[in-house]
Amino acid sequence: MLCPSFNPTKPREQNMSNCDWQQQVYDVIISSGIKLVGYVPDAGHIALIDNAKNDSEVCDVVMTTEEEGIALCAGAWLGGMRSILLMQSSGVGNCVNMLSLQQIGRFPMVILVTMRGEYAEFNPWQIPMGSTTQQVLELCGFKVERVEQAAEVAETVQAAIDFAYNSDVGVAVLISQKLIGRKEWVK
């Protein structure tokens, strides 16, 4: 099942009608004891962001730039709280220097990355980072999983959370652009 493309002219319910996998992912996040969700607003993560914003048990933190999230996760862990970051593949490029904090500090970190620069991309500026996201994360010491099918997402996110929090490592889950759906330029 593909999630529809985000279209700001449509009601929110229509944008999320086929996104059952996002609710399953949120359920995994909550059942794993994650209490802090950091993000830069992104249409690909809209259901997760909305759930976090509406959940009184979760601290949702809107960041001005993705690299803030690395320090946010470090601070959460030092304070005894589990966290997760949501970002787009272009945001990974913004984090390269800060990702070293996870490796040197050896704290658990999970990043869910919605991919751009792939399937049916309309914006050529997204292609360079989209085509190198996995390699960049791996060079920064992260374990990387990629999901292409809706049925795989929740299980893969659960495995990433377990791996990170059992082993004090950084794990990223790349969610393919085809799964999220075609982005459209709305004028």
Gain on full stretching of the segment that runs from residue 145 to residue 168 - 0.36 nm per residue minus C-alpha separation: 6.6 nm
Relative contact order computed over the chain (Cα-Cα under 8 Å; 6+ residues apart), in percent: 26 percent
Lysine pairs with alpha-carbon atoms under 26 Å apart, the chain, spacing 8 or more or separate chains: 10
Dipole of the chain [Lys/Arg +1, Asp/Glu -1 at C-beta], most positive-end residue of 105, 161, 126: 126
Residues 110, 173 arranged by fewest to most Cβ contacts within 10 Å: 173, 110
Cα-derived Rg over Rh, computed across the chain with Rh taken as Kirkwood radius: 0.94
Likely footprinting exposure, 174, 36, 101, fewest C-beta neighbours within 10 Å first: 101, 36, 174
Angle in degrees between helix 127-139 and the longest Cα principal axis of the chain, rounded to the nearest 10: 20 degrees
Of 105, 69, 170, the one that fluctuates the most in a GNM where the chain has Cα springs shorter than 10 Å: 105
Under 5 Å, built H, 5+ apart or other chain: amide partners of residue 88: 114
Measure of compaction for the stretch 105-170 (Cα Rg per 2.2 N^0.38 Å): 1.23
Top of 57, 67, 148 by mean-square fluctuation, Gaussian network on the chain, Cα under 10 Å: 57
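Read the figures in this text as sums done on the coordinates, not as results from a lab. It should be emphasised that the depicted structure is a prediction, and the values quoted were computed from it without experimental measurement. As a convention, Cβ positions derive from the backbone with ideal geometry for all residues, glycine included, and neighbour counts pool all protein chains shown.
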